[in-house]
Amino acid sequence: MTKPWADQPFALLPSPTNTDGISKETVETATLMCFAHNIIFRTLNAIALQYAQLTLPTDISDFLIYCQCFHEMVHEHHHHEETDFFPAIEAYSGEKGIMDTNLEQHHAFEEGLKRFGEYVYSVKAEEWDRGGFKGLLDSFLPALTTHLREEIQTLLDLDKYGGEKLRKSFDDMEKKILKGPLDAYRVLPVALGSIDSTYDKNQQQPFPFFVPYLSQYWFSRRHRGAWRFSPCTVFGKPKQLPFAVEEK
Ligand SMILES: [Fe+2]
Ligand SMILES: [Fe+2]
């Protein structure tokens, strides 16, 4: 018997392969977006595979912190796309509204994600209700997962406006995220804990080598219990999900 892992129930995104005639920079940008979205997918899968088995208040309160960090990470990703990345694409392409489909997809999961966030920040472990939690999760999952998949093709389709400009816009957004008011005690461990270095050689963690060590020996300490739910170590090694149910 083996336990399911965080590559399901929502399938991960392979790096783009059908890339004939597409510039190297555009393919790199789409691959980086796959990498970022797979961090979200693994965290989401870890949540989906473990929530139903929680019974002890101590486990539930750690899990709620894990869910809060998931929420912060997803919110941060889409917020920066909307305020930095998409406007930059609109500006260099000269096409007003070029990212409107992506924006509409963001709006489709925004409200549900907000309600999920309000719940995981406010509910007490003793009052946590598994059915209510599932309802909140289900309210935004279809829209979120559809968007995480479809955004990759949107980026590949932008190649005609210049791959270098796309790549620069992406890098500028990343720099802004890293400079921004990220809580390293929360977003860093949750994100690193969802990077599988064995998955795809083109989707490797981009931080300097010491960042996982910093996370492990300093930033992970404050919410240590929450990272039990992570599918990987901060060093990119997959690990078993302690609360997932064994498959027969
Ligand atoms: Fe994205
Ligand atoms: Fe997006």
Taking the Cα centre of segment 24-183 as the origin and placing charges on Cβ (Lys, Arg +1; Asp, Glu -1), which of Cys69, Gly117, Gln105 is farthest toward the positive end of the dipole?
Cys69
Using alpha carbon centroids, what distance separates segment 160-179 and segment 31-79, in Å?
26
For segment 24-183: relative contact order, % (alpha-carbon pairs under 8 angstrom, 6 or more apart)
42
How big is segment 24-183 by the Kirkwood estimate over distinct Cα pairs, in Å?
16.8
Which of these, Asn45, Asn202, Asn18, has the largest mean-square fluctuation under a Gaussian network model of the chain (Cα springs below 10 Å)?
Asn18
Taking the full set of protein chains and a 1.4 angstrom probe, give the accessible area of Met99 in square angstrom, rounded to the nearest 10.
10
For segment 188-234, which chymotrypsin sites (Phe, Trp or Tyr not before Pro) are both in a DSSP coil and crowded by at most 10 other Cβ atoms within 10 Å?
Phe209
Accessible surface, 1.4 Å probe, highest first, among residues His147, His223
His223, His147
Keeping all protein chains in the complex and leaving out DNA, RNA and ligands, what accessible area do you get for Arg149 with a 1.4 Å probe, in Å² to the nearest 10?
90
Would you mind telling me the share, in percent, of accessible area of the chain contributed by carbon and sulfur at probe 1.4 angstrom?
56
Value of [θ]222 nm, deg cm²/dmol, for the chain, DSSP H segments ≥ 4, -39500 (n - 2.57) each, nearest 500
-18500 deg cm²/dmol
In square nanometres, what is the average projected area of the Cα convex hull of segment 98-200?
9.0
Could you please report the charge total around Leu12, scoring K, R as +1 and D, E as -1 over all other residues with beta-carbon less than 9 angstrom from its beta-carbon?
-2
Which whole-number value in Å² is the accessible area per residue of the chain, probe 1.4 Å?
49
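The values are calculated or read from the model by the stated rules, or taken from the named source; none is laboratory data. Remember, it's a predicted structure, so these values are computed and weren't measured experimentally. Using ideal geometry, Cβ is built from the backbone for each residue, glycine included, and neighbour counts are taken over all protein chains shown. Keep in mind that these areas ignore ligands, DNA and RNA; they rest on the heavy atoms of the full protein, side chains included. Shrake-Rupley method; radii C 1.70, N 1.55, O 1.52, S 1.80 Å.
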